[in-house]
Amino acid sequence: MDQSLLPKFKKPPVVETALGVQFAPLKSFSIPHFGLFWNAVRTDYPNQEMKPPLGNVVEDLAAPVIPEQIGIQFTAEPEARCWFLNASGGELIQLQRDRFVRNWRKVTGSEDYPSYDALKPRFERDWTRLLEFLDREALGRPQVNQCEVTYINHLSAEVDKLGSLHRFARSVSALAGDFLPEPETAQLQVRYLMGDKRGRLHVGVQPGVRRDDRRPVMQLGLTARGTPASSRIEDILAWFDLGHEWVVRGFTDFTRSEMHAIWERLP
(Lines give C-alpha, C1' and ligand atoms only; values in the text may rest on other atoms or scores of the structure.)
Protein backbone atom coordinates (compact mmCIF):
# COMPACT_ATOMS: atom_id res chain seq x y z
CA MET A 1 0.00 0.00 0.00
CA ASP A 2 1.31 3.43 -0.98
CA GLN A 3 1.33 5.28 2.35
CA SER A 4 0.88 8.61 0.55
CA LEU A 5 -2.65 7.52 -0.43
CA LEU A 6 -3.83 7.12 3.17
CA PRO A 7 -6.03 9.75 4.87
CA LYS A 8 -3.99 12.57 6.42
CA PHE A 9 -4.78 15.33 8.89
CA LYS A 10 -3.02 18.64 9.38
CA LYS A 11 -3.75 18.63 13.13
CA PRO A 12 -4.13 14.98 14.15
CA PRO A 13 -4.92 14.36 17.85
CA VAL A 14 -2.16 11.73 18.13
CA VAL A 15 -0.02 12.03 21.27
CA GLU A 16 1.96 8.79 21.13
CA THR A 17 2.96 6.10 18.64
CA ALA A 18 4.72 2.77 18.98
CA LEU A 19 6.31 0.46 16.43
CA GLY A 20 7.24 -2.79 18.08
CA VAL A 21 8.20 -6.42 17.61
CA GLN A 22 7.87 -9.40 19.91
CA PHE A 23 10.11 -12.45 19.60
CA ALA A 24 11.03 -15.69 21.31
CA PRO A 25 12.88 -14.83 24.56
CA LEU A 26 16.63 -14.43 24.14
CA LYS A 27 17.70 -17.03 26.69
CA SER A 28 21.21 -15.67 27.26
CA PHE A 29 20.12 -12.03 27.55
CA SER A 30 20.52 -10.91 31.18
CA ILE A 31 20.46 -7.71 33.24
CA PRO A 32 24.06 -6.63 32.40
CA HIS A 33 23.20 -6.65 28.69
CA PHE A 34 20.81 -3.73 29.21
CA GLY A 35 23.76 -1.58 30.25
CA LEU A 36 25.95 -2.84 27.44
CA PHE A 37 23.29 -2.03 24.85
CA TRP A 38 22.72 1.38 26.43
CA ASN A 39 26.39 2.18 25.80
CA ALA A 40 25.79 1.47 22.10
CA VAL A 41 22.89 3.96 21.85
CA ARG A 42 23.65 6.38 24.70
CA THR A 43 24.60 9.25 22.39
CA ASP A 44 21.01 9.36 21.12
CA TYR A 45 19.33 8.09 24.28
CA PRO A 46 21.18 9.52 27.30
CA ASN A 47 18.54 8.62 29.91
CA GLN A 48 17.16 5.31 31.10
CA GLU A 49 14.36 4.00 33.31
CA MET A 50 13.49 0.51 34.52
CA LYS A 51 9.88 -0.65 34.11
CA PRO A 52 7.86 -3.80 34.80
CA PRO A 53 7.92 -6.20 31.83
CA LEU A 54 5.23 -6.32 29.18
CA GLY A 55 3.35 -9.61 28.92
CA ASN A 56 3.79 -11.84 25.91
CA VAL A 57 0.84 -11.39 23.52
CA VAL A 58 0.06 -13.51 20.45
CA GLU A 59 -2.98 -12.98 18.24
CA ASP A 60 -4.64 -16.40 17.85
CA LEU A 61 -6.81 -15.80 14.80
CA ALA A 62 -8.33 -19.29 14.95
CA ALA A 63 -9.55 -18.99 18.54
CA PRO A 64 -13.11 -17.88 19.38
CA VAL A 65 -13.57 -14.29 20.48
CA ILE A 66 -13.31 -13.98 24.27
CA PRO A 67 -14.47 -10.67 25.79
CA GLU A 68 -11.85 -8.55 27.56
CA GLN A 69 -8.97 -10.64 26.22
CA ILE A 70 -6.40 -9.46 23.70
CA GLY A 71 -4.47 -12.39 22.27
CA ILE A 72 -2.86 -14.90 24.63
CA GLN A 73 -0.75 -13.52 27.46
CA PHE A 74 2.07 -15.13 29.44
CA THR A 75 3.80 -13.08 32.13
CA ALA A 76 6.44 -15.44 33.54
CA GLU A 77 9.09 -14.15 31.10
CA PRO A 78 10.84 -11.83 30.72
CA GLU A 79 11.61 -10.34 34.13
CA ALA A 80 12.75 -6.79 33.26
CA ARG A 81 12.17 -3.99 30.76
CA CYS A 82 14.34 -0.92 30.20
CA TRP A 83 13.49 2.39 28.60
CA PHE A 84 16.23 4.34 26.82
CA LEU A 85 15.09 7.95 26.31
CA ASN A 86 16.41 10.89 24.32
CA ALA A 87 17.13 14.19 26.08
CA SER A 88 13.57 15.51 25.76
CA GLY A 89 11.93 12.20 26.66
CA GLY A 90 9.86 12.38 23.49
CA GLU A 91 11.54 9.45 21.74
CA LEU A 92 12.48 6.19 23.42
CA ILE A 93 13.35 2.55 22.99
CA GLN A 94 11.78 -0.15 25.14
CA LEU A 95 13.79 -3.35 25.43
CA GLN A 96 13.21 -6.65 27.20
CA ARG A 97 14.21 -10.22 26.50
CA ASP A 98 11.31 -10.77 24.12
CA ARG A 99 10.26 -7.28 23.04
CA PHE A 100 11.64 -4.23 21.24
CA VAL A 101 9.48 -1.12 20.88
CA ARG A 102 10.26 2.34 19.58
CA ASN A 103 7.99 5.16 20.76
CA TRP A 104 7.36 8.76 19.87
CA ARG A 105 5.27 10.79 22.33
CA LYS A 106 4.31 14.31 23.24
CA VAL A 107 5.92 15.56 26.45
CA THR A 108 5.09 19.28 26.61
CA GLY A 109 2.01 19.02 24.43
CA SER A 110 3.36 21.39 21.78
CA GLU A 111 5.30 18.83 19.73
CA ASP A 112 4.17 18.09 16.18
CA TYR A 113 3.58 14.50 15.14
CA PRO A 114 6.56 13.69 12.87
CA SER A 115 4.61 11.32 10.53
CA TYR A 116 4.94 7.58 10.03
CA ASP A 117 7.33 8.14 7.12
CA ALA A 118 9.79 9.68 9.59
CA LEU A 119 9.22 7.19 12.41
CA LYS A 120 9.65 3.97 10.40
CA PRO A 121 13.31 4.68 9.45
CA ARG A 122 14.08 5.49 13.07
CA PHE A 123 12.75 2.09 14.12
CA GLU A 124 14.84 0.43 11.40
CA ARG A 125 17.98 2.25 12.56
CA ASP A 126 17.54 1.27 16.21
CA TRP A 127 16.44 -2.31 15.46
CA THR A 128 19.58 -2.70 13.33
CA ARG A 129 21.65 -1.43 16.26
CA LEU A 130 20.12 -4.11 18.48
CA LEU A 131 20.82 -6.85 15.94
CA GLU A 132 24.45 -5.71 15.64
CA PHE A 133 24.75 -5.71 19.45
CA LEU A 134 23.28 -9.21 19.72
CA ASP A 135 25.72 -10.42 17.07
CA ARG A 136 28.71 -8.89 18.91
CA GLU A 137 27.65 -10.52 22.18
CA ALA A 138 26.78 -13.86 20.50
CA LEU A 139 23.25 -13.71 21.97
CA GLY A 140 21.43 -14.95 18.88
CA ARG A 141 19.05 -13.33 16.40
CA PRO A 142 15.45 -12.65 17.47
CA GLN A 143 12.78 -14.90 15.96
CA VAL A 144 9.97 -12.39 15.54
CA ASN A 145 6.45 -13.73 16.14
CA GLN A 146 4.39 -10.50 16.31
CA CYS A 147 4.51 -6.92 15.05
CA GLU A 148 2.56 -4.03 16.57
CA VAL A 149 1.60 -0.56 15.40
CA THR A 150 -0.05 1.58 18.09
CA TYR A 151 -1.41 5.13 17.94
CA ILE A 152 -2.81 6.92 21.01
CA ASN A 153 -5.03 9.97 20.48
CA HIS A 154 -6.28 12.46 23.08
CA LEU A 155 -9.61 14.15 22.50
CA SER A 156 -10.28 17.17 24.70
CA ALA A 157 -11.59 20.11 22.69
CA GLU A 158 -13.66 17.67 20.63
CA VAL A 159 -15.75 16.42 23.59
CA ASP A 160 -17.30 18.33 26.46
CA LYS A 161 -17.87 15.33 28.75
CA LEU A 162 -16.02 12.06 29.36
CA GLY A 163 -19.12 10.11 28.43
CA SER A 164 -19.65 11.81 25.07
CA LEU A 165 -18.58 8.92 22.82
CA HIS A 166 -21.24 9.81 20.26
CA ARG A 167 -19.66 13.21 19.64
CA PHE A 168 -16.64 11.64 17.90
CA ALA A 169 -17.35 7.91 17.40
CA ARG A 170 -19.32 7.47 14.18
CA SER A 171 -21.06 4.22 15.10
CA VAL A 172 -22.10 5.23 18.66
CA SER A 173 -25.38 6.98 19.36
CA ALA A 174 -26.09 9.18 22.39
CA LEU A 175 -26.13 7.10 25.58
CA ALA A 176 -28.67 9.38 27.32
CA GLY A 177 -32.41 8.68 27.25
CA ASP A 178 -35.72 9.94 28.57
CA PHE A 179 -34.61 9.09 32.09
CA LEU A 180 -30.85 8.57 31.94
CA PRO A 181 -28.68 11.70 31.67
CA GLU A 182 -25.56 11.74 29.53
CA PRO A 183 -23.10 9.35 31.21
CA GLU A 184 -20.41 10.74 33.47
CA THR A 185 -17.80 8.48 31.83
CA ALA A 186 -17.83 5.77 29.17
CA GLN A 187 -15.42 3.34 27.56
CA LEU A 188 -15.48 1.05 24.58
CA GLN A 189 -13.42 -1.88 23.27
CA VAL A 190 -13.76 -3.13 19.68
CA ARG A 191 -11.62 -5.44 17.61
CA TYR A 192 -11.54 -6.25 13.91
CA LEU A 193 -9.97 -9.06 11.89
CA MET A 194 -7.59 -7.66 9.32
CA GLY A 195 -7.90 -8.75 5.68
CA ASP A 196 -6.59 -12.24 4.79
CA LYS A 197 -6.26 -12.88 8.55
CA ARG A 198 -3.05 -10.87 8.67
CA GLY A 199 -3.79 -9.80 12.26
CA ARG A 200 -6.25 -7.80 14.36
CA LEU A 201 -7.02 -4.15 14.87
CA HIS A 202 -7.93 -3.27 18.46
CA VAL A 203 -9.76 0.01 19.07
CA GLY A 204 -10.23 1.25 22.62
CA VAL A 205 -11.82 4.38 24.07
CA GLN A 206 -11.47 5.31 27.72
CA PRO A 207 -11.22 8.36 29.98
CA GLY A 208 -7.67 9.50 30.67
CA VAL A 209 -5.55 12.34 31.99
CA ARG A 210 -3.23 14.30 29.71
CA ARG A 211 0.44 14.14 30.76
CA ASP A 212 1.42 17.78 30.21
CA ASP A 213 -1.45 19.64 31.94
CA ARG A 214 -3.30 16.84 33.80
CA ARG A 215 -6.50 17.71 31.93
CA PRO A 216 -9.15 14.97 31.60
CA VAL A 217 -9.44 13.67 28.03
CA MET A 218 -11.00 10.85 26.11
CA GLN A 219 -8.23 8.52 24.95
CA LEU A 220 -8.71 6.76 21.62
CA GLY A 221 -6.15 4.03 21.05
CA LEU A 222 -5.68 1.83 18.00
CA THR A 223 -3.33 -1.17 17.91
CA ALA A 224 -2.75 -3.36 14.88
CA ARG A 225 -1.02 -6.64 15.72
CA GLY A 226 -0.07 -9.65 13.63
CA THR A 227 2.67 -11.97 12.38
CA PRO A 228 5.20 -10.88 9.73
CA ALA A 229 6.22 -13.20 6.92
CA SER A 230 9.64 -13.66 8.54
CA SER A 231 12.08 -12.00 10.95
CA ARG A 232 13.82 -10.15 8.11
CA ILE A 233 13.70 -6.39 8.43
CA GLU A 234 12.02 -6.13 5.02
CA ASP A 235 9.12 -8.29 6.21
CA ILE A 236 8.86 -6.46 9.54
CA LEU A 237 8.66 -3.08 7.78
CA ALA A 238 6.14 -4.47 5.28
CA TRP A 239 3.92 -5.57 8.16
CA PHE A 240 4.29 -2.13 9.77
CA ASP A 241 3.02 -0.60 6.52
CA LEU A 242 -0.02 -2.89 6.67
CA GLY A 243 -0.59 -2.19 10.36
CA HIS A 244 -0.24 1.55 9.83
CA GLU A 245 -2.77 1.41 7.00
CA TRP A 246 -5.28 -0.33 9.25
CA VAL A 247 -4.68 2.12 12.09
CA VAL A 248 -5.09 5.19 9.86
CA ARG A 249 -8.06 3.92 7.85
CA GLY A 250 -9.60 2.50 11.02
CA PHE A 251 -9.22 5.84 12.82
CA THR A 252 -10.83 7.63 9.87
CA ASP A 253 -13.74 5.17 9.65
CA PHE A 254 -14.27 5.12 13.42
CA THR A 255 -14.50 8.90 13.85
CA ARG A 256 -17.10 11.37 12.60
CA SER A 257 -16.60 13.70 9.67
CA GLU A 258 -17.25 16.67 11.98
CA MET A 259 -14.11 15.68 13.88
CA HIS A 260 -12.18 15.41 10.61
CA ALA A 261 -12.93 19.09 10.03
CA ILE A 262 -11.51 19.96 13.47
CA TRP A 263 -8.38 17.92 12.73
CA GLU A 264 -8.18 19.52 9.26
CA ARG A 265 -8.26 16.47 7.04
CA LEU A 266 -6.21 17.05 3.92
CA PRO A 267 -7.69 16.44 0.45
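The values are calculated or read from the model by the stated rules, or taken from the named source; none is laboratory data. Worth saying up front: this structure is predicted, and the values here are computed from it rather than measured. Methodologically, a virtual Cβ is constructed for each residue, glycine included, from the backbone with ideal geometry; neighbour enumeration extends over all protein chains shown. Note: areas computed on protein heavy atoms with side chains; ligands, DNA, RNA excluded. Shrake-Rupley method; radii C 1.70, N 1.55, O 1.52, S 1.80 Å.
For the stretch 165-267, which GluC sites (Glu not before Pro) are both in a DSSP coil and crowded by at most 10 other Cβ atoms within 10 Å? All intermediate terms of the calculation are to be shown ahead of the outcome.
Numbers: sites: Glu184, Glu234, Glu245, Glu258, Glu264; in loops: Glu184, Glu264.
Sparse-neighbourhood loop GluC sites (Glu not before Pro): Glu184.
Over its Cα atoms, what ratio of radius of gyration to 2.2 N^0.38 Å does the stretch 154-267 give? Intermediate values should be presented prior to the final figure.
Values: Rg = 16.6 Å, N = 114, 2.2 N^0.38 = 13.3 Å.
Cα Rg divided by the expected 2.2 N^0.38 Å: 1.24.
Mean Kyte-Doolittle of at least 0.5 plus a Cα span of 15 Å or more along the axis: flag which DSSP H helices in the chain meet both, please.
31-41
Solvent-accessible area per residue for the chain at a 1.4 Å probe radius, Å²?
Numbers: 13500 Å² over 267 residues.
Per-residue value: 51 Å².
Using Cα centres only, tell me the gap between the stretch 181-210 and the stretch 97-132 in whole Å.
23 Å
Residue by residue through the stretch 139-149, which ³J(HN,Hα) values in whole Hz follow from phi under the Karplus form 6.51 cos²θ - 1.76 cosθ + 1.60 (θ = phi - 60°), with glycine and proline marked x?
Calculated HN-Hα couplings, in order: 9, x, 8, x, 9, 6, 10, 8, 10, 9, 10 Hz.
Calculated from DSSP H runs of 4 or more alone, at -39500 (n - 2.57) each and per residue, what is the 222 nm mean residue ellipticity of the chain, nearest 500? Intermediate values should be presented prior to the final figure.
Working: 4 runs with 60 residues, N = 267.
Calculated at 222 nm, the ellipticity per residue is -7500 deg cm²/dmol.
Using DSSP to define loop residues, name the chymotrypsin sites (Phe, Trp or Tyr not before Pro) in the stretch 161-211 whose beta-carbon has at most 13 other beta-carbon atoms within 10 Å.
Numbers: sites: Phe168, Phe179, Tyr192; in loops: Phe168, Phe179.
Passing both the DSSP loop test and the Cβ count: Phe179.
Test of the criteria: in the stretch 222-267, which trypsin sites (Lys or Arg not before Pro) are in a DSSP loop and have at most 12 other Cβ atoms within 10 angstrom of their Cβ?
Details: sites: Arg225, Arg232, Arg249, Arg256, Arg265; in loops: Arg232, Arg256.
Passing both the DSSP loop test and the Cβ count: Arg232.
Which of [x] 66, 43, 37; [y] 52, 45, 39; [z] 69, 58, 33 is the computed Cα extents along the principal axes in Å for the structure on display?
Label [x] holds the value from this structure.
What's the carbon and sulfur percent of the chain's accessible surface, probe 1.4 angstrom, rounded to a whole number?
On the way: 7090 of 13500 Å².
Roughly 53 percent of what the probe reaches on the chain is carbon or sulfur.
Take the Cβ-Cβ distance between Asp178 and Ser115 as r, set R0 to 35 Å, and report the resulting FRET efficiency rounded to the nearest 0.05.
E between Asp178 and Ser115, to the nearest 0.05, is 0.15.
How high is the relative contact order of the chain, given as a whole-number percent (alpha carbon pairs under 8 Å, six or more residues apart)? Walk me through the numbers on the way to the answer.
Numbers: 489 pairs, mean separation 65.9, N = 267.
With pairs under 8 Å counted, the relative contact order is 25 percent.
List the residues, sorted by chain then number, that are 5 or more residues from Val217 or on another chain and whose placed amide H is less than 5 Å from its amide H.
Long-range HN contacts for Val217: Gly208, Val209, Arg210.
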